[in-house]
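Undergrad: Sending over a structure as structure tokens; questions will come in a sec.
Just so you know, all these numbers are worked out from the coordinates, no wet-lab data involved. Note that this is a predicted model, so its numbers are computed, not measured. Reconstructed Cβ throughout: ideal geometry from the backbone, glycine too, with neighbour counts over all protein chains shown.
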Amino acid sequence: MTASHPAVLQTIHADGRELRLQYMTPAEAPALLAFARSLRPHDLLFLPTDISSPEGIDELVEGLGTGRIGVILALDGDQVVGFSSVVRSATSWMRHIAEISVIVSEPMRHHGFGRELTEEAFRIAEDLGVTRMLAQMTLDQQSGIDMLRGLGFTPIAILHDHVIDADERTYDLLLMHQDVARFADTLRRLDADAAPKA
Ligand SMILES: CC(C)(COP(=O)(O)OP(=O)(O)OC[C@H]1O[C@@H](n2cnc3c(N)ncnc32)[C@H](O)[C@@H]1OP(=O)(O)O)[C@@H](O)C(=O)NCCC(=O)NCCS
């Protein structure tokens, strides 16, 4: 991420509240932990780092300084209500690929924050020089699948029983991807479709 980015990327008004989207700094670590612990554990299954544990948060915060990880938070005051992360592959022959993860707190869903957080994550991807974004989620995350499909992601694989939860229950994992360059085109098309016709 470059220093030229403002701390607050955008302010969104919804339900009479004012939300800020901004790059995460170490100062927001406790608020991110509280957010993760407020979610259903199932919603965290696909994340590359377990942000519901202090160790996982430490790992994420360490990664922020490496140029391999970028995190955007949606904040309502000091409270985290949404999260997106871009984690670039540490494998040299996959350095063009990063994994995107997006989560919105349950009461704040269906207001467009998931899309905003995904859009901002693509800015991080551009900054990191990534050309392809990969997303993975359990096959039952219908909202996530719908959101990413709507933003031009394509399903590429289903891995059977690839995920196991704390109760030893297994789930199928869906992999989706999208080219960073094509994402901008998708957004332009969606915005043109949504614009009022003259
Ligand atoms: C996926 C998730 C981030 C979406 O957050 P959100 O803030 O509700 O998403 P948005 O309001 O921006 O929705 C964006 C678009 O996605 C689609 N969408 C989202 N939820 C949907 C649902 N339940 N049914 C159908 N379409 C849906 C719609 O096209 C929606 O556009 P619309 O606002 O015009 O209807 C949220 O449901 C979540 O945190 N899920 C658990 C974690 C997860 O599965 N993450 C995805 C893996 S990366």
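Undergrad: Which of the following residues is away from the ligand (no atom under 12 Å from the Cβ), over 27 Å from Leu64 (Cβ atoms) and not aromatic (Phe, Trp, Tyr): Asp165, Asp179?
TA: Going through Asp165, Asp179 in turn, the sole match is Asp165.
Undergrad: State yes or no: is Pro54 free of Cβ contacts under 8 Å to residues at least 24 places away in the same chain, away from the ligand (no atom under 12 Å from the Cβ) and either over 13 Å from Ile124 (Cα atoms) or among the aromatic types (Phe, Trp, Tyr) (or both)?
TA: The answer is yes for Pro54.
Undergrad: Out of the residues in the stretch 90-100 that are within 16 Å of the ligand (Cβ to nearest atom) and surrounded by fewer than 23 Cβ atoms within 10 Å (Cβ to Cβ), which is nearest to Asp179 (Cα to Cα)?
TA: Checking each candidate, the answer is Ile97.
Undergrad: Right, something else. Residues of the stretch 152-162 being surrounded by 11 or more Cβ atoms within 10 Å (Cβ to Cβ) and either touching a helix residue (DSSP H, G or I) at 6+ places or on another chain (Cβ under 6 Å) or charged (D, E, K, R) (or both), which ones?
TA: Scanning the stretch 152-162 gives a single hit, Gly152.
Undergrad: Select from the stretch 131-150 the residues that are surrounded by 22 or more Cβ atoms within 10 Å (Cβ to Cβ) and more than 8 Å from the ligand (Cβ to nearest atom) and list them in ascending order.
TA: Selection gives Met133 alone.
Undergrad: Could I ask something else about it? Does the stretch 124-159 hold any residues that are in contact (Cβ under 8 Å) with a residue 40 or more places away in the chain and in a helix (DSSP H, G or I), and which are they?
TA: Ile124, Ala125, Glu126, Asp127, Leu128, Gly144, Met147, Gly150
Residue by residue, here is whether (1) hydrophobic (A, V, I, L, M, F, W, C); (2) loosely packed, with under 15 Cβ neighbours inside 10 Å holds:
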{"residue": "Ala7", "(1), (2)": "yes, yes"}
{"residue": "Gln22", "(1), (2)": "no, no"}
{"residue": "Leu32", "(1), (2)": "yes, no"}
{"residue": "His42", "(1), (2)": "no, no"}
{"residue": "Asp50", "(1), (2)": "no, no"}
{"residue": "Pro54", "(1), (2)": "no, yes"}
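Undergrad: Report, by residue number, each residue of the stretch 163-187 that is of a type in the set (D, E, K, R) and loosely packed, with under 10 Cβ neighbours inside 10 Å.
TA: Asp167, Glu168
Undergrad: Among the numbered criteria (1) assigned to a loop (DSSP other than H, G, I, E, B); (2) small (Gly, Ala, Ser); (3) more than 18 Å from Leu47 (Cβ to Cβ), which one does Ala166 miss?
TA: Unmet condition: (3).
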